[in-house]
Number of protein chains: 2
Amino acid sequence: MKLSEAKTQFISSWGAFGTHWGINRTMAQIHALLLVSPDPLTQDDIMEQLNISRGNVNMNTRDLVSWGLVDRVLIQGERKEFFSAEKDIWKVATQIIKERKKRELDPMLKLLSQLEKVDGDKKDKHVKQFVDTVGGIRKFGNQADSMLDVMIKADESWFLGSLLKFFK
Amino acid sequence: MKLSEAKTQFISSWGAFGTHWGINRTMAQIHALLLVSPDPLTQDDIMEQLNISRGNVNMNTRDLVSWGLVDRVLIQGERKEFFSAEKDIWKVATQIIKERKKRELDPMLKLLSQLEKVDGDKKDKHVKQFVDTVGGIRKFGNQADSMLDVMIKADESWFLGSLLKFFK
DNA sequence: ATATATTTTCAATAAGTTTTGAAAATTCAA
DNA sequence: TTGAATTTTCAAAACTTATTGAAAATATAT
């Protein structure tokens, strides 16, 4: 398979993959393009390679920067801005985990602890089922939360090394 | 907070939460409703409690069943079908992991190994960056894959118990 | 200061997804 | 069988989200 073909396939599947993970197709495609580009690219490069409008590139690169996955870089002697993706996949993964934990998991856990305090007689099966379910989800969520914290702080070789030993 | 209010909030936030995870709002809401219902519910119960159409309930319960999160149950003496959700959150989580692994991660890893075999001179920086990136993602993905396999096979108390000890 | 290059914004539009509801199919009791 | 209850299907409508493109804002060189 030729490089250009492989690149196109990678970008398109990464885009489709992203949509299952709450990331929009274009944002994931731009990310994929930058991941396989050895040098930083400009808005125009991205527009051209992915056939999308300037506004679209602008909004999605902005989001990628806010997720901490892409950096704006200045190249000396050039007027235009360039974009470059973090290439270390471990860093990419921990960065995504960190952001999603902050944006989604933490607020959900906070809400669940509120809901657990519902009034009513625990002998009522409706109340009991509600409290049990919400409590169960919260406990599970808290454990996942602690585990993710360790992962975020850890360094790849330590984390995966230990984990693999552990699971052997 | 009254039970009815807490229930409404739980259902609505679980729905919103679901949309970040590639699950549609209504499917997540029906799941939430069934999770906090002590007894199985019919299509009509769900329609009424969530104010949604019969067709919508039908499609989404079908999906929940295909994800292995909800069972159709027959109640003796009743003509209608009833639906009931698995209440053990650990089982819910491993079931979701199992399905998503099968539907998303496994095909992606298969594709990545294909793409790594791209033709061309590794001294070309474009080829090199492509192979390095794709290879890095594949290796990371494979490790995640093994870890998830262990998790799916494990039992909750063993898994979380050992993990907590490990991370202490 | 002025002109030019570049980036950003955002209303309009397009594309994609979910929901409805009524008709068709199925199930089951009598 | 027949017919009432129930479930399923799916085309059309409603809703949601993503994209465009041109105008406005900003930055830079001369």
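Which one of these is of a type in the set (Lys, Arg), closer than 27 Å to B:Gly22 by Cβ and more than 12 Å from DNA strand C (Cβ to nearest atom): A:Lys2, A:Lys7?
Of A:Lys2, A:Lys7, the one residue that is of a type in the set (Lys, Arg), closer than 27 Å to B:Gly22 by Cβ and more than 12 Å from DNA strand C (Cβ to nearest atom) is A:Lys7.
Looking at A:Leu105, A:Leu64 in this structure, which one is crowded, with 17+ Cβ neighbours inside 10 Å, in a helix (DSSP H, G or I) and without any contact (Cβ under 8 Å) to a residue 40 or more places away in the chain?
Result: A:Leu64 is the single residue among A:Leu105, A:Leu64 that is crowded, with 17+ Cβ neighbours inside 10 Å, in a helix (DSSP H, G or I) and without any contact (Cβ under 8 Å) to a residue 40 or more places away in the chain.
Within region B:68-88, identify whether any single residue is surrounded by fewer than 17 Cβ atoms within 10 Å (Cβ to Cβ), under 21 Å from the mean Cα position of the chain (by Cα) and assigned to a helix (DSSP H, G or I), and answer yes or no.
Within region B:68-88, not a single residue is surrounded by fewer than 17 Cβ atoms within 10 Å (Cβ to Cβ), under 21 Å from the mean Cα position of the chain (by Cα) and assigned to a helix (DSSP H, G or I).
Kindly check whether there is at least one residue in region B:151-166 that is buried (at least 16 other Cβ atoms within 10 Å of the Cβ) and in contact with a Lys or Arg (Cβ under 6 Å, 6 or more places away or on another chain).
no
Could you go through region A:102-112 and let me know if any residue there is within 14 Å of chain B (Cβ to nearest Cβ), touching a Lys or Arg at 6+ places or on another chain (Cβ under 8 Å) and more than 22 Å from B:Gly135 (Cα to Cα).
yes
Of all residues in region A:19-48, how many are at the interface with another protein chain (Cβ under 10 Å from one of its Cβ atoms), of a type in the set (Gly, Ala, Ser) and either in contact with a Cys (Cβ under 6 Å, 6 or more places away or on another chain) or on the phi < 0 side of the Ramachandran plot (or both)?
The number of residues fulfilling the criteria is 2.
Residue under question is A:Gly15, and the condition is that it be crowded, with 21+ Cβ neighbours inside 10 Å and either at the interface with chain B (Cβ under 10 Å from one of its Cβ atoms) or in contact with a Lys or Arg (Cβ under 8 Å, 6 or more places away or on another chain) (or both); does it hold?
yes
Report yes if some residue within region A:92-115 is within 30 Å of B:Ser13 (Cα to Cα) and in contact with a strand residue (DSSP E or B) (Cβ under 9 Å, 6 or more places away or on another chain); otherwise report no.
yes
Within 26 Å of A:Val131 (Cβ to Cβ), at pLDDT below 95 and either within 16 Å of DNA strand C (Cβ to nearest atom) or in contact with a strand residue (DSSP E or B) (Cβ under 6 Å, 6 or more places away or on another chain) (or both): is that true of B:Ile75 in this structure?
yes
May I ask you to verify whether B:Ser146 is surrounded by fewer than 17 Cβ atoms within 10 Å (Cβ to Cβ) and within 10 Å of another protein chain (Cβ to nearest Cβ)?
Considered against the rule, which asks whether it is surrounded by fewer than 17 Cβ atoms within 10 Å (Cβ to Cβ) and within 10 Å of another protein chain (Cβ to nearest Cβ), B:Ser146 comes out as yes.
The values are calculated or read from the model by the stated rules, or taken from the named source; none is laboratory data. Just so we're clear, the structure is a prediction, and the values are computed from it rather than from any experiment. Don't worry about glycine lacking a Cβ; one is built from the backbone with ideal geometry, like all the others, and counts go over all protein chains shown.
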